[in-house]
1. Taking the Cα atoms only, what angle lies between the long axis of helix 70-81 and the longest principal axis of the chain, rounded to 10 degrees?
2. So what J values fall out for the range 213-226 if you push phi through Karplus, 6.51 cos²θ - 1.76 cosθ + 1.60 with θ = phi - 60°, rounded to Hz, Gly and Pro as x?
3. Considering lysine pairs in the chain that are 8 or more places apart or on different chains, how many have Cα atoms under 22 Å apart?
4. Take the alpha-carbon centre of the range 186-255, take the same for the range 139-158, and report the distance between them in whole Å.
5. Need one word for the range 210-273: rounded, prolate or oblate. Basis is the Cα gyration tensor (sqrt eigenvalues a ≥ b ≥ c); a/c below 1.5 gives rounded, then a/b vs b/c decides.
6. Loop-only check: which GluC sites (Glu not before Pro) in the range 222-273 are DSSP coil with at most 10 other Cβ within 10 angstrom?
7. Starting from one equal scatterer on each C-alpha and no solvent at all, send me the Debye-based log10 I(q)/I(0) for the range 24-179 at q = 0.16 Å⁻¹, two decimals.
8. For the chain, what does the relative contact order come out to in percent, with C-alpha contacts under 8 Å and a separation of six or more?
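Nothing in this text is a laboratory measurement; each read-out follows from the coordinates by a stated rule. All of these numbers come straight from a predicted model, not from anything done at the bench. FYI the Cβ positions are ideal-geometry reconstructions off the backbone, even for glycines, and counts take in every protein chain you see.
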Amino acid sequence: MRGKSLTQEHGRYPLIGPDDPPPFTLVNDSGGAKALLVGDHASRAFPKNMMQLGLDEVVMDQHVTWDIGTNALIHRLSKQLDAPAILAGYSRLIVDTNRSLEDPTAIPVMSDGILIPGNQGLTDDDRALRVQSFYQPYRDAIEDVLNSFRHRGITPAFIAIHSFTPEMGGFRRPWHIGVLWDVDPRLPLPLMEKLNARPDVINVGDNEPYSGRHPADFTIDHHAESAGLPHVSIEVRQDLIDTDPGVERWAGILGDVLEEILADEDLYTVLER
């Protein structure tokens with residue numbers, strides 16, 4: 001199921017036209033797993049009237065625009081785990097759904113050295129329209145699914161999926177997968193243990209190449225950590241999932257390990273802080 005046609009109602013999401021994609025996609029909403037997958041950066045779409053923020057076409061395939069491979073990876077994991085998934089519908093360059101709105105990088109004027117023409121000199125009204133059209137619908141969709149779990153007496157596991165560049169600043173990143181976490185070890189520790197035990201996974205990063213303790217990891221902080229839900233953020237190196245065979249392989253690896261972890265009924269409790 002997609003974000004429903006109501007997402008293009010006139011005036012409700014003013015920057016999204018009738019022929020544009022919805023602000024989020026809901027996959028497998030009737031899935032039986034006690035888990036929710038989310039993809040903050042799973043799309044490189046732009047509404048037609050925003051004209052790719054003035055960026056050249058070559059930028060559309062780069063990591064600054066989206067997390068390469070994650071859309072297909074999340075769909076595959078959602079099917080294997082029988083878990084609902086919510087994917088943000090538009091590029092993070094419009095507004096980054098994994099940032100607090102107080103974070104100046106939520107609407108970046110520059111990303112990885114690339115100037116974003118359409119993000120220069122925005123007014124407060126411009127920013128508010130982006131929040132209304134793209135950011136808040138995604139937030140609300142996540143809360144709607146979490147509330148559905150709660151109404152059924154379920155404390156769900158919350159799993160965010162991202163990807164990272166194979167190289168940054170001249171440094172070749174060796175990790176296949178990065179496991180990001182902070183105060184709650186219930187998902188990340190068994191995930192790393194089981195991944196490290198597999199002969200087909202060579203290098204698993206504990207809070208590498210990014211840290212789950214960084215405030216930029218907003219979706220996890222806002223929806224999961226603050227509510228005491230078991231949670232983890234998983235980063236996969238892009239060159240491993242930028243083809244269909246790569247997605248199949250790594251979705252299978254992650255899916256098999258996550259299935260084992262999610263089978264533990266003791267996982268589904270609120271972490272008291």
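1. 40
2. 8, 7, x, 5, 7, 6, 4, 4, 4, 6, 9, 10, 4, 5
3. Value for the chain: 5.
4. Measuring centre to centre over Cα atoms gives 21 Å.
5. Oblate, since a/c reaches 1.5 and b/c is not below a/b.
6. For GluC sites (Glu not before Pro) across the range 222-273 that sit outside H, G, I, E and B with at most 10 neighbouring Cβ atoms in 10 Å, the list reads Glu272.
7. Relative scattering, expressed as log10 I(q)/I(0), comes to -0.95.
8. Relative contact order of the chain: 22 percent.
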